[in-house]
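Data block below; observations after.
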Amino acid sequence: MEKLRHSGLDFSVATLNFLANIGVVLPYVLILFKYQQTRSSHYLVAIIVLYVARAASIFWTKHLNLTASNYLLVCLWLGAIGSIILSLTSNLAMLVIAAIALGYTSANLWPYYLTIKLHLTEATDFKLKKLYWLIFLGLALLFSLDFLFDLQYRLAFILLAALFLIAIPAGQLLSKFSLAFYDQHERSTTQPVKFWRVALFIIFFAVLGLLTLLRKVNLNIALPAVLALIVLDILLLNLEFWADWHAMNSNKLRVVNRGFLLSLVLLFNSFFGYFIFGAAGMYIVFGLYLLGFETGAPLSTLIANHTRFSAMTIARFGLVIGHLLMLIPIPVIYGLGLLLVALYLGFENPGINDSVYHGEGEDPDLAIIHKYRFSMYGGLLCQLCFFGLLVIISALNNVRLMAFFNPTSPALAAHYLHGIAWPLVAVSAILTLISFYSQDHPLQKS
């Protein structure tokens, strides 16, 4: 019986690890597939609500007097509730509730899971067993049954709900293990909610929701009005950034740059890839990102002969070259540029996690949340710049906004390259250089 209990806990921890790693995208992808299958406006609204809730939730978490381990359990319960609703009904009001719940979980499950892992690594010899990674293969096969037998994603949502419930014992176990850590660390006081920030927050994400809707359907809104909304949102985003400036003692611009680069590769180029690589462009871009992100740290370290300073120099040099190569619309060269950017992101990510978590004066329970908050600032800035440029190009060339997101011909490639890709890469390069030489991104030789 004891062995069976340990096996059950192992499976629960493996499931939690699986959900934490893919939870940011899986609910969104499943609802998107459901919308593509049904073309129901209810699921379109659910996609928009989930997208906006996911972006918004990282800014409005940590306002209750809870530890990261308790927030982890909140994420699991909300994920289970949202998935159950999606498996049972297509009622619009219920879908909105489910989308909000899954949006919060998608945004916060990984940051809180990573926070607890770092707490336990600091206080114990906690390590993930190989079994915890094998679960990826088994669960991927289970999800494929839904697609194979055309079960209309009901099985997928039921399975997702079951996974969140299965992961709850693991969340409780990690919460129990982390008690010793919290006994040794004083928790930060809950910050009061300011009305002006709530008002700006609502306006900003309402506009973001409208802009997201414009990527999905054709609406007859004058492009100058859309551009004005984008400018308004950029101003509001900078006000939020200024208000949060002191939330982190260091690494701010470094993390913002990370978020901008992520959106540049995964959002803009996943669509622009069609004009460079053809119909398989989105898959090629995502494959290059995964390859670079997973190999960036070990490859740079190996080339630098395990010298941190040299490895950082190599990764930075590769990022600068990557920006230059992304200006050239030759598939091999452009692809190499994307790979170099992804390699830098893969190298930087563990360093940022370590630097933020151990930052002097920062609450370890808040550190990773603050990292993802500042990264989201960078990602949203990239998205707003991208959409603003797209509105301008669409107006100048008298083409629909949707022509970029649902391309049928590469004829507009030059317009998008010169009007969007080049300016966006230029902004990214400037932000990158500022982050390199800012005082909050020091280079320490080792």
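The values are calculated or read from the model by the stated rules, or taken from the named source; none is laboratory data. Computed from a predicted structure; not experimentally measured. Note: accessible area is taken over every heavy atom of the protein model, side chains too, but ligands, DNA and RNA are not part of it. Shrake-Rupley method; radii C 1.70, N 1.55, O 1.52, S 1.80 Å.
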Self-check item: Note, ³J(HN,Hα) from phi for region 391-402, Karplus 6.51, -1.76, 1.60, rounded to Hz, x at Gly and Pro
Solution: 4, 5, 5, 5, 5, 5, 9, 6, 10, 6, 4, 5
Quiz prompt | Rg/Rh ratio calculated on Cα atoms of region 29-71 (Kirkwood radius) | solution = 1.20
Quiz item: Over the Cα atoms of region 211-326, how large are the radius of gyration and the largest Cα-Cα distance (Dmax), in Å?
Solution: 18.5, 57
Quiz item: Can you list, bin by bin at 5 Å, the percent of alpha carbon pairs in region 252-397, starting at 0?
Solution: 2, 10, 16, 20, 20, 15, 9, 5, 2, 1, 0
Quiz prompt | 3J(HN,Hα) from dihedral phi, region 53-59, Karplus parametrisation 6.51/-1.76/1.60, rounded to Hz, x for glycine, proline | solution = 4, 5, 6, 7, 5, 5, 8
Exercise. Let me know the Rg and Dmax you get for region 337-400 when you use only its Cα atoms, in Å.
Key: 17.2, 53
Quiz item: With every protein chain left in place, what is the accessible area per residue of region 278-340 in square angstrom, probe 1.4 Å?
Solution: 53
